[in-house]
1. Restrict the check to segment B:161-169 and report whether at least one residue is crowded, with 17+ Cβ neighbours inside 10 Å, hydrophobic (A, V, I, L, M, F, W, C) and at negative phi.
2. Of the residues that sit in segment B:236-264 and are under 21 Å from the mean Cα position of the chain (by Cα) and part of a loop (DSSP other than H, G, I, E, B), which one is nearest to B:Pro179 (Cα to Cα)?
3. Filter segment A:86-114 down to residues that are out of contact with any Asp or Glu (no Cβ under 8 Å at 6 or more places or on another chain), more than 7 Å from every other protein chain (Cβ to nearest Cβ) and hydrophobic (A, V, I, L, M, F, W, C), then give me how many there are.
4. Identify the residue in segment A:146-166 that is among the charged types (D, E, K, R) and in contact with a helix residue (DSSP H, G or I) (Cβ under 8 Å, 6 or more places away or on another chain) and, among all such residues, is surrounded by the fewest Cβ atoms within 10 Å (Cβ to Cβ).
5. Residue by residue through segment A:70-85, note down the ones that are basic (Lys, Arg) and within 14 Å of chain B (Cβ to nearest Cβ).
6. Filter segment A:60-69 down to residues that are under 11 Å from A:Phe214 (Cα atoms) and in a strand (DSSP E or B) and give me whichever is nearest to the other protein chains (Cβ to nearest Cβ).
7. In segment B:21-37, which residue that is more than 9 Å from chain A (Cβ to nearest Cβ) and exposed (fewer than 15 other Cβ atoms within 10 Å of the Cβ) is modelled with the highest pLDDT?
8. Residue by residue through segment A:347-364, note down the ones that are touching a residue at least 40 places away in the same chain (Cβ under 8 Å) and more than 19 Å from A:Leu276 (Cα to Cα).
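The values are calculated or read from the model by the stated rules, or taken from the named source; none is laboratory data. Small disclaimer: the values here were computed from a predicted structure and weren't measured. Neighbour counts run over all protein chains shown; Cβ positions are idealised from the backbone, glycine included.
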Amino acid sequence: MDNLFVDNLSKSFILAKASSDVPIHPRQWVKAARRLVGRAVSEEAPAPKREFWALKDVSFRVQPGTVLGIIGANGAGKSTLLKILARVLVPTSGRVVGVGRLISLLELGAGFDPDVSARENIVMNAAMNGVPKAEVLRRFPAIMEFAETGEFLDTPLKHYSSGMYLRLAFSCAINMDPQILLADEILAVGDVGFQQRCLQRVKEEAERGLTVLFVSHDMEAITRVCSRVIWLNRGEVVRDGDPEEVVDEYQKATWEAADSSMSEQGRHVNRFGRILSVNLVSEAGNDIGAVPINERCSVRIRVETFVRLTITECAMDLYVGNNWVLRAHADKPRRADAGVFDVYFRIPAHFLAQTTYSMNVSLVVRRKNDERDYPLVMYKALKFMAYASDAEAVRTTTKRTAMLAPRLSWDIVTESAKAAGDDNEGEATDESVPGSEAADAAAPAEAGGQPSETAPEAAASDTTRVKA
Amino acid sequence: MLVDVRRWLFWTRTDHRASGTYKWVIQPSRPGLVGRIEEFWRYRRILYFLSYRTLRSQYEGSRFGVLWLFARPLLPILISTFIFGSLLQIPSDGVPYFIFFLAGQASWHTFERSLLFTSRGLSQNQGLLTKVYFPRVMAVFSSVTIAVAWFGAYFGLLILAAFYYLWKDHVWYLRFGPPLLLVPVVIALSLLLSIAIGLWTSVWQLRFREMRYTLRYFTRFWSYLTPVIYPMSQIPREHRWIVYANPMAPIVETFKWALLGIGEFPALPLLCAVGTTLLVLAAGLWYFSWAEASTADHL
């Protein structure tokens, strides 16, 4: 028997007037007054209401014990859905029927009052969720145990560290014995250890019959925890089903969307050439959207030149979110004839971390007898995810939050050994350096049937090769 | 029409507690009055919490804390007493003008404070309203506590003033006896009236910035229509009904009559005021429940 029914749920927002519509200028006042007197006076038709449908006919049913992940781009309606379930927003049409107590964690610690003690806050929070006071008092030990803030029970929350605050909020929610739990990106905050514990706890509770609605942009967490995933796009359910499949499709779609909108991103065309496409290719030469961190891959930048010129600079910037992680650039200028060719940046294995990267690509071209630079830039040219293959997963999940995770060689050198063999130290370490790996990377399949003229380059982190 | 009223009264309750399972429904049409009252009762602890929070937010961080509650009304009253009582020689029905004015202010200002704060109820609690659910009317109702605190302060001042005049003139101006029972009744009535109006103004305040200052002008104007600085006896008998059309006039007048034993007990106007209050309250509840659905969208 299902315990949450969402039937044809829709929500529309009437967009607020822009500030320019508020009468300030005398002429606007006259207009406003006229509008008040009667529409007949004003010649222009009344502006239609600007509506925005955040949710359109969303229907689904959830069985007890399901951890339902909700994914989608920003503005897809995920938060609106949860807010309606939490009753903060009222739906425009459709209805929701639920069985059992619903606790929402729309924002960890929402409704917590920083000025009063943890004890009072817990009682308060319970009241907001409709939990009787006697029941809260009974659950106090369990709450304090999970939150690990026992000795600060009577301290006002403003003296809590953010970590303690989060632990308390989560513990408070999960220990209220909910049958349905709403979690909006909660696990995006807090330290990794705490996140793991929360997810673990959520899983345990789900086995006991708790239904969880879990919104997150963290696909890794979604696939790990959820037993079912709904993909929302512009307020509609696109897919609903097995986490792996839906997440896969969602990610593919996001990349395709990034592909198609590429033409608007940056000045990637100038008089002498243009960037045609940027792709991630596997070692075998196939286009891929995600790469296992223990495999090599390359970034292929397909460039078309209209005239014979020199590429003086070639760079790629790697971002995680808004953080600029690294800039890789080519080592020396290269000449290129008019035509289509590929530029490869090689990314070694065990270099990327488990996260989603986006990439800007730039080339600077120069003509003979012309001192000026002509840049070609493509912003957000590529978005891809690096993931750990199954064998790696267990060992590396704790590094999930890092932006890069290169595997470096390391040695133990004791003081005595150092003193003894000072001159052959370089030799000893060189053997284990994996930097040479990149050099003997297998050449990807020839693209576009271009004649190739490979110039292998070995660098520590990346190599550039121009095939013209 | 009849169907509409019945729908409004009894339309689906949000929750059903039957046979141990707890089932709830969320839909565009909001619960009716009965459902709302039930819900209000279930969430009653939130009311206490919100009240405490609003009250604390007023005097938090100030050095003398709750002492301000007494200090704040005293100075304006001393000034007004000097201007109206000593300079303008406004009659005060045989009691010192200070006591007369203090009693008038106690009832009027309690109402005014309450109105200002209930109007702010929604905008003040925005942070909560966008994140957690509780019956939205509670945000309005809870703001009344500030007014209650003000009333307590005024009442304390009144008693102090009475002792002062006992020491100075050897006259005890306050009255003991059954009419005193009317004091809490009229104060409750004025608070209810402020809630009734606040149900409208709190919604407007979210949507129109201007409400902040217009409301203050409006209450200032209203206070002159109410016998606060002048006694009702100054108004010719045949014109008194005009003044009594204002529901606050019988409230203030009754308060003074019950406490000081001056003026008259306006029984009929008071009944009318009760009727007006209930009418505005019912309309306000209807308006609020209608506007509530889109309120969160506007935050």
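1. yes
2. Checked segment B:236-264; the qualifying residue nearest to B:Pro179 (Cα to Cα) is B:Pro247.
3. So the count comes out to 4.
4. Only one residue tops the list, namely A:Asp154.
5. A:Lys83, the sole residue that qualifies.
6. Per the stated criteria, the residue is A:Leu68.
7. Here is the first cut: in segment B:21-37, the residues more than 9 Å from chain A (Cβ to nearest Cβ) are B:29, B:31-37.
Then keep just the ones that are exposed (fewer than 15 other Cβ atoms within 10 Å of the Cβ); that gives B:29, B:34, B:37.
Numbers: B:Ser29: 75, B:Val34: 80, B:Ile37: 84.
Only one residue tops the list, namely B:Ile37.
8. Listed by number, the residues that qualify are A:Ile347, A:Pro348, A:Ala349, A:His350, A:Phe351, A:Leu352, A:Ala353, A:Gln354, A:Thr355, A:Thr356.
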